[in-house]
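Report on the following structure.
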Amino acid sequence: MASDPGTGRPSPVARLAAALAAAGASPTPRELAELLWMAARLAPPDRPEETPSGAVASGGPAGEGAAGGEGAAAGEGASVPEENGAAGPAQPEPSHRTPDPSPEAPEATGPTPGRVPLSLPAPRSPHHRPDHPGGGGSPLLAPAPPMLPHPLALQRALRPLKREVPSAHGRVLDERATADRIARLGAHPDVWFPVLRPAPDRWLRLNLVHDTGPTMPVWRPLVAELHAALAQSGIFRTVGLHPATPDGRARQVPVLDDGRTVTLVLSDCMGPQWRPGEAGDRWYRTLRHWARHMPLAVVQPLPEHLWPTTALPAEPGLLTAPSTAAPSATLAFTPYDPAPAPASEQALPVPVLEPGAPWLAHWAALVADPGGARTPGAVAWLPPAPAPPAEPAPDLASSSPEDLVLRFRATASPEAFRLAGHLALAVPSVPVMRLVQRALDRDPRPQHLAEVILSGMLISVPGPPGSYAFRPGVRELLLRSLPRTARGRTREFLARVGGLIDERAGLAAGEFRAETSGGQGDAPGTAFATVSEETVRRLGGEGAPPERLIGGRYRPTGLRGIRHAACGRP
């Protein structure tokens with residue numbers, strides 16, 4: 001049994017013993033017998049069929065294996081052809097190679113079997129009839145991934161503000177004090193008087209003011225998600241949501257200098273109320289009034305490196321509060337820059353935050369600090385009136401596609417540039433951008449989405465808020481920035497995007513309108529995702545007949561009782 005006859009190689013038993021000895025284990029004869037008994041009763045592994053005499057064996061030299069791997073990578077499902085003759089590295093036939101996709105357009109592939117393409121509905125004309133859908137497919141209301149990353153982390157960041165103070169109005173019974181008074185006075189039960197004390201109450205109330213200017217519709221989901229996260233945190237007494245209109249008005253915002261009210265303004269600081277004019281003067285007077293009476297901060301959805309392009313640029317530094325919940329106008333600020341730009345004597349400091357947990361954690365620590373601590377943050381100076389822009393905005397309409405893409409690549413983050421390249425495979429609409437971003441990154445951030453929207457490579461088109469299209473020539477240049485493998489896997493990419501809709505279909509509310517491709521007249525590249533047929537049914541599209549759908553999931557019970565009741569019998 002030392003070796004197999006005719007081969008000269010050690011037998012399996014000898015190889016097993018050698019392996020055990022090399023591992024430092026010395027099995028007893030009984031243990032070795034048990035291993036052999038178990039091996040004889042285990043199902044043998046599937047072995048490949050016998051290789052013909054003229055074919056290349058699968059266990060050949062490393063060069064042959066490498067050739068086979070390249071052939072498999074070149075085309076899915078492609079196998080190495082057999083060659084009769086001398087043995088050598090097998091080369092796939094030219095007809096089996098996948099042609100390189102054109103750098104100007106993604107690979108034209110049909111939908112995956114069992115997957116339904118989704119596209120955005122065409123803009124409705126004034127003569128549109130509700131009973132005639134625009135694209136010939138089934139209309140759907142599709143969900144989108146959340147825009148606010150990690151709401152639980154954001155809620156945990158605000159824990160320094162979770163305090164209880166005596167209520168000014170509510171009272172509760174103090175049982176111990178009441179019993180002590182009764183025992184001390186020895187009064188008759190008819191004249192027992194309860195002892196009341198102030199009820200515990202949450203410390204702060206929050207005003208969430210959101211900008212409703214012309215550039216803010218794309219951030220409506222962020223406003224709703226931030227409001228829900230703050231209201232569900234259990235930290236604030238009340239969380240009020242108040243709109244700020246482009247004319248510089250913000251009505252019904254309570255302004256109390258009782259040290260128990262804070263205000264957050266969610267804005268990209270690019271609307272008309274942030275520019276010189278009547279609306280700007282009114283809006284700045286309102287902001288300065290808030291800053292003098294309570295803690296005020298601006299939540300900026302744009303990334304920090306784009307803040308200098310807005311009407312409220314901010315600089316990083318250290319903030320110091322004189323007391324707990326001190327008004328923003330009383331904050332002391334020390335910039336990190338040793339030679340900062342001089343600020344107006346009448347300008348008031350206002351903290352500026354990104355909608356993320358680290359920024360809100362620093363702001364919460366600043367509000368809760370009793371005084372003296374230095375907290376990192378960013379501050380914008382609020383003058384009595386809006387300042388004119390330092391330099392005119394570049395004329396994007398006259399810029400070439402090459403200049404637009406190169407300018408964006410030089411200033412954008414790697415995540416934003418990668419997102420823009422993959423959007424060239426889909427439709428640059430804000431809901432689709434959120435889906436594509438979630439398919440690419442495990443930790444998507446709204447700041448990267450904002451970089452793409454403000455890149456100048458997009459133009460607004462008719463449709464719902466957030467409808468965009470690439471400027472002429474930009475899509476082709478962005479496609480060239482993608483790896484060849486990404487351009488050639490359009491079908492896989494659409495399935496990944498559609499998988500996000502599959503996960504949330506029936507579980508999350510729909511946010512944007514889509515429709516299944518009608519199958520006729522659809523231009524290539526209009527689909528932004530492919531979803532399962534079950535998802536189409538869940539989202540309200542055409543699917544199986546109702547009787548088959550219900551009959552396949554539910555089984556009627558109690559037919560006998562129903563039949564007797566119909567006949568009038570017990």
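Just so you know, all these numbers are worked out from the coordinates, no wet-lab data involved. Bear in mind the structure is a predicted one, so any value in this text is a computation, not a measurement. Cβ placement follows ideal geometry from the backbone for every residue including glycine, while neighbour counts extend to all protein chains displayed.
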Ala529's amide H: which non-local residues (gap 5+, or another chain) put their own amide H closer than 5 Å, with H modeled 1.01 Å from N in plane and none for Pro or chain starts?
Leu118
Plugging the Cβ-Cβ distance of Asp443 and Leu256 into 1/(1 + (r/R0)^6) at R0 = 51 Å yields, to the nearest 0.05, a FRET efficiency of 0.85
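Using Cβ counts within 10 Å as a stand-in for footprinting exposure, how do Ile235, Ile459 rank, fewest first?
The order, fewest Cβ neighbours first, is Ile459, Ile235.
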Expected sort for 378-387, 505-514 on mean C-beta neighbours within 10 Å, highest first, is 378-387, 505-514
Determine which residues of the range 369-390 fall in the zone a paramagnetic label at Arg159 would reach in this model, i.e. backbone nitrogen under 17 Å from the point 7 Å along Cα→Cβ.
369
Mean Cβ neighbour count within 10 Å, used as a protection proxy, ranking 340-352, 222-234, 165-177, 490-502 highest first:
490-502, 222-234, 340-352, 165-177
Karplus-derived HN-Hα couplings along the range 426-440 (A = 6.51, B = -1.76, C = 1.60, θ = phi - 60°), whole Hz, x at Gly and Pro
10, 10, x, 9, 4, x, 5, 4, 5, 5, 5, 4, 5, 6, 8
Please list, in chain and number order, the residues 5+ apart from Leu348 or on another chain whose amide H is under 5 Å from its amide H, with Hs placed from the backbone.
Leu382
Mean Cα-pair separation over length for the range 268-326, i.e. relative contact order, pairs under 8 Å, 6 or more apart, %
39
Which ³J(HN,Hα) values, rounded to whole Hz and listed in residue order, are derived for the range 472-482 from phi using the Karplus coefficients 6.51, -1.76 and 1.60 in 6.51 cos²θ - 1.76 cosθ + 1.60 with θ = phi - 60°, glycine and proline given as x?
x, x, 6, 4, 5, 5, 5, 5, 5, 6, 7
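In square nanometres, what is the average projected area of the Cα convex hull of the range 402-546?
Working: hull surface 38.5 nm².
Average projection, Cα convex hull of the range 402-546: 9.6 nm².
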On a full-extension model of 0.36 nm per residue, what is the gain between Glu278 and Leu196, subtracting their alpha-carbon distance, rounded to one decimal in nm?
24.3 nm
Using 1/(1 + (r/R0)^6) with R0 = 45 angstrom and r between the beta carbons of Arg513 and Thr485, what's the FRET efficiency to the nearest 0.05?
0.90
Taking 7 Å along the Cα-to-C-beta vector as the label spot, tell me the Arg374-Ala410 distance in nanometres, rounded to one decimal.
3.6
Pseudo-spin-label distance Leu185 to Ala18, built 7 Å along Cα→Cβ, given in nm, is 10.0
DSSP loop (so not H, G, I, E, B), at most 12 other Cβ within 10 Å: list which chymotrypsin sites (Phe, Trp or Tyr not before Pro) in the range 135-219 pass both filters.
Trp192
For the Arg537, Ser400 Cβ pair and Förster radius 41 Å, calculated FRET efficiency rounded to 0.05 is 0.30
